[in-house]
Amino acid sequence: MSEQVRVRFAPSPTGPFHIGGARSALFNWLIARKQGGKMVLRVEDTDLERSTKESEENIKEALRWLGLTWDEGVDVGGPYAPYRQTERLDIYKQYTESLLANGQAYPCYCTEDELEAERQALLAEGKMPCYQGRCRNLAEADKAKFAAEGRKPTIRFRVPENQQIVFKDLVRDTVSFDSNGIGDFVIVKSDGIPVYNYAVVIDDSSMKITHVIRAEEHLSNTPRQILLYQALGLEVPYFGHISLILGQDRTKMSKRHGATSVEQYRKLGYLPEALVNFLALLGWAPNSEQEIFSLEELVENFSMDRVAKNPAVFDIDKLNWINAHYLKRLTPQQVTELALPHLQAAGYIDESVTEDEKEKLAQFMALIQEHLSYAAQAVDHVDVYFHDQVEFENEEAEAVLRDADIPQVMNSFKQKLAGLEELNAAAVQAVLKSITKELKLGGKKVYMPVRVAITGKMHGPDLGQFITIIGKERTLKRLDSTLAKIV
Ligand code: GLU
């Protein structure tokens with residue numbers, strides 16, 4: 001095995017980039033960075049029907065956004081190019097020819113219908129369906145006959161009988177499988193395209209991959225792959241299978257549990273640093289209480305021996321907590337940029353927003369920023385900023401304005417606010433305080449009605465700052481129109 005650690009991320013570009021895929025990419029990337037090794041990005045697009053260029057672009061874009069760069073692979077090239085499987089068909093062909101020549105693989109002429117009938121018959125007998133080897137030892141004459149009928153063969157790998165396939169998984173320790181349950185499997189489809197289990201072996205070997213770190217769902221593919229390595233006389237890499245990601249109800253994470261793709265989280269205004277931090281903790285346990293990790297700190301601390309065997313539970317509250325942490329460190333202008341598409345979609349602000357409007361909005365964002373878990377949540381906080389027509393959040397809020405002292409409090413506040421030479425948070429606070437003194441009222445009897453009259457709500461952002469942001473004119477307008485509603 002070569003000295004240098006070489007890992008790869010090998011996505012199939014067949015749909016949205018799942019957070020599980022991002023986690024596999026992250027673990028590989030961390031190993032490469034930690035060991036001073038190389039990270040390869042290979043695109044496994046042999047499923048011609050489901051693979052799309054769009055999905056490949058989406059995956060690469062998401063990886064770049066997360067900061068998970070690759071040293072070799074699609075787009076960047078490298079010594080083992082090409083890195084897209086459909087561009088490597090000639091390479092696979094050479095291996096197939098040698099397997100066919102020495103009898104380790106053979107053409108199978110069975111039709112879909114025949115295979116299905118065999119499957120059903122086995123199921124009916126209560127047996128595990130696996131190919132029974134009908135074409136294993138076909139005479140040349142039979143092959144010629146099938147070919148003459150126009151049947152296009154698949155190529156099957158001749159699985160050796162009675163063999164224990166044992167390997168030491170970096171996460172699961174010793175894993176063993178019996179070759180007898182496997183059945184001769186297809187390695188090349190009738191259209192000449194290799195299947196995943198075959199192409200992956202040739203690629204991992206020719207790209208000199210030392211460690212194959214991937215999702216647990218591939219564990220059952222590994223014995224097939226090991227048999228192929230052996231048949232081809234290739235060195236077997238280390239394997240590490242990372243556990244499944246479960247939803248809070250402990251079933252496999254799926255759309256039912258909410259957002260599952262990196263793109264969805266990105267769109268909701270989650271930050272790449274937060275997602276990476278969260279994904280690292282999905283299965284890996286640091287050896288301290290620390291929960292916030294930068295990419296650099298992860299590189300320093302990560303190791304496969306602290307990757308857990310048991311499934312990781314996707315805890316959205318934890319992700320929100322981590323994201324809120326990173327969000328607090330952004331400037332209000334940055335949060336505003338992240339929230340803008342959501343505010344536009346919600347109709348609060350239109351596409352032609354000016355820099356001035358953004359700057360004003362950023363001032364308000366500074367007041368709510370610490371209450372946000374992710375930027376899209378700004379939508380739930382901004383009505384008080386945009387709407388001058390105040391709506392009471394409930395009857396209790398409305399009742400605040402029915403108090404006997406209200407006319408006096410409001411008149412005094414309007415006058416004093418209008419008379420302020422310079423509007424700022426401290427000046428507004430001073431006005432409110434002076435009213436409590438003059439009218440001999442407790443703070444709550446002054447602050448609360450003013451807040452409700454301006455926002456319709458009993459709680460919210462700092463009143464002095466809020467009034468300073470919306471300005472005298474809008475504040476006074478709000479006070480008048482809200483009070484007019486109280487009969
Ligand atoms: N293309 C496979 C997938 O996306 C990769 C599996 C592997 O890493 O070997 O699931």
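Taken together, the values in this text are just the output of simple stated rules run on the coordinates, not laboratory data. These figures come from a predicted structure and were not determined experimentally. So basically every Cβ, Gly included, is an ideal-geometry build from the backbone, and we count neighbours across all protein chains shown.
Using the structure shown, decide if Lys60 is away from the ligand (no atom under 16 Å from the Cβ) and assigned to a helix (DSSP H, G or I).
no
Take the conditions within 11 Å of the ligand (Cβ to nearest atom) and of a type outside the set (D, E, K, R) and apply them to Gly20. Does it pass?
When the stated conditions are applied, Gly20 passes them.
Are any of the residues in segment 204-220 closer than 30 Å to Asp90 by Cβ, surrounded by fewer than 16 Cβ atoms within 10 Å (Cβ to Cβ) and among the polar types (S, T, N, Q)? Give the steps one after another, and end with the answer.
As a first pass, look at segment 204-220 and keep what is closer than 30 Å to Asp90 by Cβ: 204-215, 217-218, 220.
Remaining after also requiring surrounded by fewer than 16 Cβ atoms within 10 Å (Cβ to Cβ): 206, 217, 220.
Next cut, among the polar types (S, T, N, Q) only: 206, 220.
Yes, some residue in segment 204-220 is closer than 30 Å to Asp90 by Cβ, surrounded by fewer than 16 Cβ atoms within 10 Å (Cβ to Cβ) and among the polar types (S, T, N, Q).
Are there any pairs with C-beta distances below 7 angstrom linking a residue in segment 39-51 that is part of a loop (DSSP other than H, G, I, E, B) to a residue that is among the small types (Gly, Ala, Ser) and more than 11 Å from the ligand (Cβ to nearest atom), with the two at least 6 apart or on different chains, and if so which?
Qualifying pairs under 7 Å: Arg42/Gly73.
Could we say that Thr251 is β-branched (Val, Ile, Thr) and touching a strand residue (DSSP E or B) at 6+ places or on another chain (Cβ under 6 Å) here? Walk me through it before giving the result.
On the way: β-branched (Val, Ile, Thr): yes; touching a strand residue (DSSP E or B) at 6+ places or on another chain (Cβ under 6 Å): no.
Considered against the rule, which asks whether it is β-branched (Val, Ile, Thr) and touching a strand residue (DSSP E or B) at 6+ places or on another chain (Cβ under 6 Å), Thr251 comes out as no.
It is to be established whether one or more residues within segment 153-166 are among the hydrophobic types (A, V, I, L, M, F, W, C), within 16 Å of the ligand (Cβ to nearest atom) and within 28 Å of Ala312 (Cβ to Cβ).
No, the conditions are met nowhere in segment 153-166.
Could you please find all residues in segment 145-167 being within 23 Å of Ala215 (Cα to Cα) and in contact (Cβ under 8 Å) with a residue 40 or more places away in the chain?
Filtering segment 145-167 for residues within 23 Å of Ala215 (Cα to Cα) gives 164-167.
Selection gives Ile165, Phe167.
Restricting attention to segment 251-263, does a residue exist that is touching a residue at least 40 places away in the same chain (Cβ under 8 Å), within 30 Å of Val188 (Cβ to Cβ) and assigned to a strand (DSSP E or B)?
No.
Among what's in segment 221-235 and is aliphatic (A, V, I, L, M) and in a helix (DSSP H, G or I), pick the residue that is surrounded by the most Cβ atoms within 10 Å (Cβ to Cβ).
Going residue by residue through segment 221-235, those that are aliphatic (A, V, I, L, M) are 226-228, 231-232, 234.
This time we only want the ones that are in a helix (DSSP H, G or I), so: 226-228, 231-232.
Working: Ile226: 20, Leu227: 23, Leu228: 25, Ala231: 20, Leu232: 15.
Only one residue tops the list, namely Leu228.
Six or more apart or on different chains, Cβ atoms under 8 Å: show the pairs whose first residue is in segment 408-430 and exposed (fewer than 13 other Cβ atoms within 10 Å of the Cβ) and whose second is of a type outside the set (Val, Ile, Thr).
As it stands, the answer is Ala418/Lys472; Ala418/Leu476; Ala426/Gly464, since those pairs meet every condition given.
Would you list the helices (runs of 4 or more DSSP H) that sit entirely within segment 107-209 and hold 2 or more residues that are farther than 14 Å from Leu228 by Cβ? Can you show your working first?
Working: elements: 112-124, 140-148, 196-206.
Passing ranges, in order: 112-124, 140-148.
How many residues does segment 128-144 hold that are farther than 19 Å from Ala105 by Cα and either surrounded by fewer than 11 Cβ atoms within 10 Å (Cβ to Cβ) or touching a residue at least 24 places away in the same chain (Cβ under 8 Å) (or both)?
Looking only at that region, the number is 1.
Considering only segment 363-381, state which residues are surrounded by fewer than 20 Cβ atoms within 10 Å (Cβ to Cβ) and outside any helix (DSSP H, G or I).
His381
Among the residues of segment 117-131, which ones are under 41 Å from the mean Cα position of the chain (by Cα) and closer than 20 Å to Asn180 by Cα? Quick ask: steps written out before the conclusion?
Within segment 117-131, the subset under 41 Å from the mean Cα position of the chain (by Cα) is 117-120, 122-123, 126-131.
If the condition is that a residue be under 41 Å from the mean Cα position of the chain (by Cα) and closer than 20 Å to Asn180 by Cα, then Glu118, Arg119, Gln120, Leu122, Leu123, Gly126, Lys127, Met128, Pro129, Cys130, Tyr131 are the ones that fit.
State yes or no: is Thr222 within 12 Å of the ligand (Cβ to nearest atom) and either within 18 Å of Arg134 (Cα to Cα) or in contact with a strand residue (DSSP E or B) (Cβ under 8 Å, 6 or more places away or on another chain) (or both)?
Working: within 12 Å of the ligand (Cβ to nearest atom): yes; either within 18 Å of Arg134 (Cα to Cα) or in contact with a strand residue (DSSP E or B) (Cβ under 8 Å, 6 or more places away or on another chain) (or both): yes.
Yes, satisfied.
So, of the residues in segment 23-44 that are within 13 Å of the ligand (Cβ to nearest atom) and among the β-branched types (Val, Ile, Thr), which turns out to be farthest from Arg266 (Cα to Cα)?
Val40
Looking at Arg84, Arg33, Arg23, which is the one that is crowded, with 16+ Cβ neighbours inside 10 Å, under 16 Å from Met207 (Cβ atoms) and of a type in the set (Lys, Arg)?
That would be Arg84, the only listed residue that is crowded, with 16+ Cβ neighbours inside 10 Å, under 16 Å from Met207 (Cβ atoms) and of a type in the set (Lys, Arg).
Out of segment 168-203, which residues are crowded, with 19+ Cβ neighbours inside 10 Å, touching a residue at least 60 places away in the same chain (Cβ under 8 Å), away from the ligand (no atom under 16 Å from the Cβ) and not β-branched (Val, Ile, Thr)?
Asp184
So, in segment 312-330, of the ones that are assigned to a loop (DSSP other than H, G, I, E, B) and touching a residue at least 24 places away in the same chain (Cβ under 8 Å), which residue ends up nearest to Leu282 (Cα to Cα)?
Phe314
Among what's in segment 384-407 and is among the acidic types (Asp, Glu) and outside any loop (DSSP other than H, G, I, E, B), pick the residue that is surrounded by the fewest Cβ atoms within 10 Å (Cβ to Cβ). Can you show your working first?
Here is the first cut: in segment 384-407, the residues among the acidic types (Asp, Glu) are 388, 391, 393, 395-396, 398, 403, 405.
Filter once more, so that each one left must be outside any loop (DSSP other than H, G, I, E, B): 395-396, 398.
Values: Glu395: 8, Glu396: 10, Glu398: 16.
By that ranking, first place goes to Glu395.
Tally time: how many residues in segment 100-110 are at negative phi and surrounded by fewer than 12 Cβ atoms within 10 Å (Cβ to Cβ)?
So the answer is 2.
Exactly one of (1) within 28 Å of Gln344 (Cβ to Cβ); (2) surrounded by 22 or more Cβ atoms within 10 Å (Cβ to Cβ); (3) in contact with a Pro (Cβ under 8 Å, 6 or more places away or on another chain) is unmet by Ile245. Its number?
Going through (1) within 28 Å of Gln344 (Cβ to Cβ); (2) surrounded by 22 or more Cβ atoms within 10 Å (Cβ to Cβ); (3) in contact with a Pro (Cβ under 8 Å, 6 or more places away or on another chain) one by one, Ile245 breaks only (1).
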